[in-house]
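So the structure is just underneath, and the comments pick up after that.
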Amino acid sequence: MSGSTLRTIRQMRRKKPLRQRIWENRYIYLLLLPGLLFFIIFKYVPIYGLQLAFKRYQVNLGINMSPWNGVDNFRLLFVDGDFWKSVRNTLVIAYLQILLFFPFPILLSILLNEVRQTRLKKVVQTIYTLPHFLSWVIVSGMVLNMLSSNGAINNLLAVMGLERVQFLTNKSVFRQLLVLLLTWKESGWSCILYLAAITAIDPSLYEAATIDGANRWHKIRFITWPGISMIVVVTLILRIGSIMDAGFEQIINIYNPTVYEVADIIDTYVYRITFQRPANFGVSTAVGLFKGLTNCILLLTTNWICVRISGTGIV
């Protein structure tokens, strides 16, 4: 198709009114609608409640009529030692997740791509993906039955004449246990994105490399990795942009007061001050605002750095 023909088509499309263009693409907009509604209802509408961070909320007055108190909620928050401890724990656990969990799905996808037997590849991928569909409630029940002081592993150790190990109350290993469980549960699901990126690589590149005498390592290094590096950078940016989300559902189901010092993250801190103490919704909202602003700053900073270094970013 010539360039003049393409220009003519574009000019004809521009002449159509907006309502007609929407009607012609109505099925595409219908596919877009559920996602759009999700973000409007659960992401944009709740922004209205952020004013609670600057108010002394009173139930009988509601959000609008509750009196303003400036930044008093933030003052109460920033003098609370438990809050800063939860910030530290959140950053440490999120750092361990990026360091240990984040590379594993990438490695898994590359290894699966190297499997030549299609049936074996499908079986292995199914086994790795299955844990994703188990809720953390079920996984935590499995962990408690296996690793508690009277769990299966400790009972086996006792039968063998060995000393029982307190896996779930040991502060020095609890964070690593969280990351290990996350890796087991989510690696198979996360590698699907990288496998999709690998399948988009032109097969003729591998064929040409084989003719030139390249081995598997050379193909991975010079073809597979460059082909997925952009996806890796984007997912890394998004992961760092949500670094203050260290896994509420996982931790709330597994941790206990013995390991609060190393496992109490921001989300579990908000849960405790909201539902296990006299509720102060203004302080809880202030924590959420602090967390959201921190994530936003980290996202924009990481994106800026990646664009400057590799030329790849989310915008």
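List the equivalent ellipsoid semi-axes of the chain in whole Å, largest first, each obtained as the square root of 5λ for an eigenvalue λ of the Cα gyration tensor.
40, 35, 18
Which of A286, A196, A208 ends up with the largest GNM mean-square fluctuation for the chain, with Cα atoms connected below 10 Å?
A208
Any lysines with Cα under 17 Å of the K85 Cα? List them, leaving off those in the same chain fewer than 8 positions away.
K171, K291
If you line up the Cα atoms of region 6-146 on their principal axes, what length do they span on each, largest first, in Å?
62, 59, 27
On a straight-distance basis, which aspartates and glutamates could pair with K122 in a cross-link, Cα separation under 13 angstrom, same-chain partners fewer than 8 positions away excluded?
By straight Cα distance, K122 reaches E114.
Find the relative contact order for region 66-173 and round it to a whole percent, using C-alpha pairs within less than 8 Å whose residues are 6+ positions apart.
Over region 66-173, the number comes to 10 percent.
Using the number of other C-beta atoms within 10 angstrom as an exposure proxy, rank C191, C296 with the fewest first.
Listed from fewest to most nearby Cβ atoms, that is C296, C191.
Evaluate the Debye formula for region 164-313 with equal point scatterers sitting on the alpha carbons, no solvent, and hand back log10 of I(q)/I(0) at q = 0.16 Å⁻¹, in q order, two decimals.
Debye curve over Cα of region 164-313, log10 I(q)/I(0) at q = 0.16 Å⁻¹: -1.03.
Which residues in region 260-301 place their backbone N less than 17 Å from a point set 7 Å from the Cα of I309 along the Cα-to-Cβ direction?
Those under the cut-off are 298-301.
Quickly estimate the mean residue ellipticity at 222 nm for the chain, helices only: each DSSP H run with n ≥ 4 gives -39500 (n - 2.57), and the total goes over all residues, rounded to 500.
-21000 deg cm²/dmol
Excluding residues fewer than 8 places away in the same chain, name every one of the lysines whose C-alpha is closer than 25 Å to that of K16.
none
Please give, to one decimal in nm, the separation of the simple spin-label points placed at T258 and L107, each 7 Å out from Cα toward the Cβ.
The modelled label-to-label distance comes out at 3.0 nm.
How high is the relative contact order of the chain? Use alpha-carbon pairs under 8 Å, at least six apart in sequence, and give a whole percent.
Rounded, it is 26 percent for the chain.
Laboratory data are not the source of any read-out in this text; all were calculated from the coordinates shown. The model shown is predicted, which means the values in this text are computed figures rather than measured ones. Note that each Cβ is placed from the backbone with ideal geometry, even for glycine, and that neighbours are counted across all protein chains shown.
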